[in-house]
Amino acid sequence: MSRIPIRSIEDAPEEALDRLRSARKAIGYLPYLHGVLANAPAALEAYQVVGAIHARGGLSAAEGEAIQIVAAARNACEPCVAGHAALARRKVHMAEDTLQALRRARAPADPRLGALARFTLAIMDKRGRVEDDELREFLAAGYTEANALEVILGVSLATLCNYANNLAQAPVDPELRAPVDSELEALA
């Protein structure tokens, strides 16, 4: 049970309706996060606009999902971990061992994604004040200074989503629940 209303197209503020309709059409259902953010239409707009900007940056879709998953795991946002894990599986066909490492806020074995995960965690944990050797490791993995700033952009997007879900205590969307339940059982 969410402690902040999860709005639907039937009860959302007028300013949020077009964005909610677009999301439902694009995704096939209306995620709870959108319903939570619809309480503040500017927050919903920021989420969608920043998400679109982040997607067109220099990082691949898999790298963008890696940032979102590791940030959601670090911020203990189960709905965001579930949502981005589903995207990573369906859209970028991320390897399961990589996905499971990211879900635990750990660096996967893949050298490039491992460097990205470590750098994302360093950005979050040190509030951007990473050590020179952490930046050098990130750059040595083939990333650029622009990519470092795009990691910060991705963390900012994750922070909006993770904190909104955590504040609302929103549940995992039913469309995502079965895979999460199965994974949790496998981890037990």
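The values are calculated or read from the model by the stated rules, or taken from the named source; none is laboratory data. Quick caveat, the model's predicted, so the values are computed rather than measured. A quick note on method: Cβ atoms are made from the backbone with ideal geometry, for glycine too, and the neighbour counts reach across all protein chains shown.
For region 46-99, residues that are of a type in the set (S, T, Y) and either in contact with a strand residue (DSSP E or B) (Cβ under 9 Å, 6 or more places away or on another chain) or assigned to a helix (DSSP H, G or I) (or both) total 2.
Quick check on region 102-140: of everything there that is within 14 Å of A72 (Cβ to Cβ) and of a type in the set (A, V, I, L, M), which residue is surrounded by the most Cβ atoms within 10 Å (Cβ to Cβ)? Across region 102-140, the extreme among qualifying residues is L102. Of all residues in region 43-57, those that are on the phi < 0 side of the Ramachandran plot have Cβ atoms under 7 Å from Cβ atoms of residues that are among the hydrophobic types (A, V, I, L, M, F, W, C) and outside any helix (DSSP H, G or I), 6 or more apart or on another chain, in L44/A38.
Residues that are farther than 22 Å from H84 by Cα, surrounded by fewer than 19 Cβ atoms within 10 Å (Cβ to Cβ) and β-branched (V, I, T) do not occur anywhere in region 21-35. Pairing residues of region 130-146 that are part of a loop (DSSP other than H, G, I, E, B) with residues that are surrounded by 17 or more Cβ atoms within 10 Å (Cβ to Cβ), at Cβ distances under 6 Å and at least 6 apart in sequence or on separate chains, gives V130/A122; A141/A115.
Based on this model, can you work out whether V36 counts as part of a helix (DSSP H, G or I) and more than 19 Å from A168 (Cβ to Cβ)? Lay out the reasoning, then the answer.
Numbers: part of a helix (DSSP H, G or I): yes; more than 19 Å from A168 (Cβ to Cβ): no.
No.
Within the bounds of region 168-175, is there any residue that is in contact (Cβ under 8 Å) with a residue 60 or more places away in the chain and under 13 Å from A72 (Cβ atoms)? Scanning region 168-175, I find at least one residue that is in contact (Cβ under 8 Å) with a residue 60 or more places away in the chain and under 13 Å from A72 (Cβ atoms), so the answer is yes.
Residue-level check: of (1) without any contact (Cβ under 8 Å) to a residue 60 or more places away in the chain; (2) more than 25 Å from V155 (Cβ to Cβ); (3) in a loop (DSSP other than H, G, I, E, B), M1 misses just (1). All conditions but one from (1) at pLDDT 95 or above; (2) surrounded by 16 or more Cβ atoms within 10 Å (Cβ to Cβ) apply to L176; the one that does not is (1).
What are the residues in region 72-97 that are among the acidic types (D, E) and farther than 19 Å from E175 by Cβ, if any? Answer for region 72-97, where residues must be among the acidic types (D, E) and farther than 19 Å from E175 by Cβ: E96, D97.
Yes or no: A38 touching a residue at least 12 places away in the same chain (Cβ under 8 Å), surrounded by 13 or more Cβ atoms within 10 Å (Cβ to Cβ) and closer than 22 Å to L116 by Cα? Can you show your working first?
Details: touching a residue at least 12 places away in the same chain (Cβ under 8 Å): yes; surrounded by 13 or more Cβ atoms within 10 Å (Cβ to Cβ): yes; closer than 22 Å to L116 by Cα: no.
The answer is no for A38.
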